[in-house]
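Shown next, in C-alpha cells, is the structure this report addresses.
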Amino acid sequence: MGPIFLSILMLAAKPTTLIQGGSVIDGTGAPRRLADVRIEGDKIIAVGHLKPKRGENVISAKGMVVAPGFIDAHSHVDGWLLQDPTAESQIRQGITTSVIGQDGGSGFPIKQMFNRYTAKHVALNIASYAGHGTIRAQVMGKDYKRPTTPAELKKMETLLATEVHNGALGLSSGLEYEPGRFSTTSELVALGKVAGAHGGIYISHMRNEDNDVLKAIDELFIIAREGHLSAQVSHIKIGSARVWGKAPEILSKMEAAQKQGIYITADVYPYTYWQSTIRVLIETQDYGDRKQWEQGLKDIGGPSHVLLGEYKPNPDWKGKTLAEIADMTGKDAVTICQEVVTETSKPEFKNGEEVVVSAMSEDDLAKFIASPRIMFCTDGQRGGAHPRYAGSFPRILGLYVRQKHLISLEEAIRKMSGFPAHRLGFSHRGEIKPGYKADIVVFDPSTVIDTATTKQPEAPPIGIPTVFINGEAVLLNGKKTGKTPGQVILRSKRLGKPAY
Ligand SMILES: [Zn+2]
C-alpha cells in the first residue's frame, strides 16, 4: 500500500480515544485490574494492554480508577435539565445517567418528553418511569381525593400501557403525596400488572417512611406479588426514632421475598437527613392539632433536627433550625410549624417552604449502604438545601468506602453501575466492556470525596477529573467541556431476576 492510500484509510477511520494506565473496575464486582480502555464513537471498543495509535487522543489515568459512569437511580433533574443541560452537579459526581419520573410524577406523554430531551441536547443520559400520580391526574383531574372507579382504572391502565410500550421503565408512585395517597392497594396492583406485563418494574416512594415503614413495605410486597412484577423501594429510610434499628428486619424481608420469587430492591442516598415539606411531620394532616406536631417533632429527635432549607414568607428563617427560630422569636416549635403551614398555604407563597430533617440513624443507613440489593441515588433537587444533590456518589466512595471500609470499592462501583443497569433494563451500559456505551468515570480513589453541606449544598466534590458520556468527555481534567452527548435510554428488555 502506498502512503497516499494509507493516509486515506486513516482519514476514513473514526477518531479514537485511549484512556491509558488506569485501574479498571468494570462494574460487575470483579477485582480491579490494570488496563487501557479504547473508545470509538459512543462505544468502548477494546479493554486490555493497548498501545496508542498514531494520532490517537490519549488520556493518562495513572493512579486513577476507570469505572463505568454512575447511574442515579432516583433523580429529580426533570425539568431544570432542559434549562441547564450541562448538568454540572451530576457530571462532577461521575453521574452519567439519571433516572427520572420518580415519586409518581413524570413527563406526559413520555414519548413527547423524551423528544424534548433529544431535541434540546443534554449532557446526561435520561431514563424515566411513568408516574402513577401523573396518569391518575390525567384521568381524574381535580376530582382525585377518592379511589378510582373501574372505568377510570381501565383508562389509567391503557395510558400506562402506552407509556411503558414507549420506553418507560415501569410505574413509579409517590404514596405520601397527592394524588397518589388517595389510591388503594388494589388500584396499584392492577396498574402493576400492566407494567409487569410489558416487562416494567414498580418503584415507590412508599406511603410511610417512619413509624409505619414496615407496613408500607408490606404493601409494596403485595403489589409486587399480586401484580406479578418486581419492585423497588425509593430512597429507603427509617425516619423515626421509634423504629430505628429495623434495617436488618427490612433486609431479611427482602431476602425472604426473593426466596418466594419476588424481587425487591431499593435505592438509598448516603445521608441521615431527608428533605421534604414540613407537612409530612404530621401523618393525619391535621395541622391545627398541637399534639400531632409534638409527636411528629419528638419522633424525628426534636426541633433542633428540623432545618428550614427554604422559607419564602420570611427569608430570615431560611437556613435555621426550628430550635434556632424558637430562640430568635420566643415562639415554641409547634407554633412555628403551624405558622409555616398557614403562611405557605397562601397562594403567593405556594411551595414556599422546604425542610431538611435529621431523622435517620447512622446504623440503619450503613446497613442499607452495605446491602447487595440496594443501589444508590441522589434524590436531589436543584436549589434545595440538601447536599445529596451534589455530593451523594463521591460521599459513598470517600466516606463509606475509603474512610469507613463499609464495602469494597469494587462493590460500591457495581452498585453504582452494573447492578442498576441490569436491574433497570439498560442494554449495553453499566460495564467497562467492548461493545458497551462509553459512559466512563475516571477518579482518584485516594482523594475522591464530597464537599457539599447544608450551608453549601452545591459545593462540588473532589477527586473526579474526567467523565465520558457516550464517548464524549463532558468533564476533562477537572474542566467542564460544555458537551451535551446524553441519550434517552428506553427500557430495552424484559426484566427478570436481578443479578446480585
Ligand atoms: Zn421521593
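Among residues that are within 16 Å of the ligand (Cβ to nearest atom), of a type outside the set (K, R), surrounded by fewer than 21 Cβ atoms within 10 Å (Cβ to Cβ) and assigned by TED's automatic domain parsing to the domain that holds H422, Y177 is included. Within the range 402-417, the set of residues being under 12 Å from A73 (Cα atoms) and among the small types (G, A, S) comprises S417 only. From the list K298, K331, the one residue that fits, being within 31 Å of the chain's Cα centre (by Cα) and more than 24 Å from Q381 (Cα to Cα), is K298.
Which of the residues belonging to the range 435-470 are crowded, with 23+ Cβ neighbours inside 10 Å and either assigned by TED's automatic domain parsing to the domain that holds V122 or hydrophobic (A, V, I, L, M, F, W, C) (or both)? Within the range 435-470, A438, I440, V441, V442, F443, V448, A452, I464, V467, F468, I469 meet the criteria. Going by the conditions given, is H198 within 16 Å of the ligand (Cβ to nearest atom), crowded, with 17+ Cβ neighbours inside 10 Å, touching a residue at least 24 places away in the same chain (Cβ under 8 Å) and closer than 30 Å to T118 by Cα? Answer is no for this residue.
If you go through the range 204-216 one residue at a time, do you hit one that is more than 14 Å from the ligand (Cβ to nearest atom) and either at positive phi or part of a strand (DSSP E or B) (or both)? Full working, then the answer.
In the first step, residues of the range 204-216 are kept if they are more than 14 Å from the ligand (Cβ to nearest atom); the result is 211-212, 214-215.
Add one more test, that the residue is either at positive phi or part of a strand (DSSP E or B) (or both), and what stays is none.
Checking the range 204-216: not a single residue is more than 14 Å from the ligand (Cβ to nearest atom) and either at positive phi or part of a strand (DSSP E or B) (or both).
Looking only at residues in the range 244-283 that are polar (S, T, N, Q) and over 21 Å from L220 (Cα atoms), the one that is surrounded by the most Cβ atoms within 10 Å (Cβ to Cβ) is Q275.
Scanning the range 334-366 for residues that are surrounded by fewer than 20 Cβ atoms within 10 Å (Cβ to Cβ) and within 26 Å of I262 (Cα to Cα) yields a single hit, A366. Going by the conditions given, is K145 away from the ligand (no atom under 16 Å from the Cβ), surrounded by fewer than 24 Cβ atoms within 10 Å (Cβ to Cβ) and not in a helix (DSSP H, G or I)? Taking the combined requirement at face value, the residue satisfies it. One residue stands out among those in the range 374-406 that are away from the ligand (no atom under 16 Å from the Cβ) and assigned to a loop (DSSP other than H, G, I, E, B): the one that is surrounded by the most Cβ atoms within 10 Å (Cβ to Cβ), which is P387. Determine whether the range 72-93 contains at least one residue that is in contact with a Leu (Cβ under 9 Å, 6 or more places away or on another chain), on the phi > 0 side of the Ramachandran plot and aliphatic (A, V, I, L, M). Among the residues of the range 72-93, at least one is in contact with a Leu (Cβ under 9 Å, 6 or more places away or on another chain), on the phi > 0 side of the Ramachandran plot and aliphatic (A, V, I, L, M), which makes the answer yes.
Only residues that are assigned to a helix (DSSP H, G or I) and touching a Lys or Arg at 6+ places or on another chain (Cβ under 6 Å) were counted in the range 407-440, giving 1.
The values are calculated or read from the model by the stated rules, or taken from the named source; none is laboratory data. For clarity, every value in this text was computed on a predicted model and none was experimentally measured. Cβ: placed from backbone, ideal geometry, glycine included. Neighbour counts: every protein chain shown.
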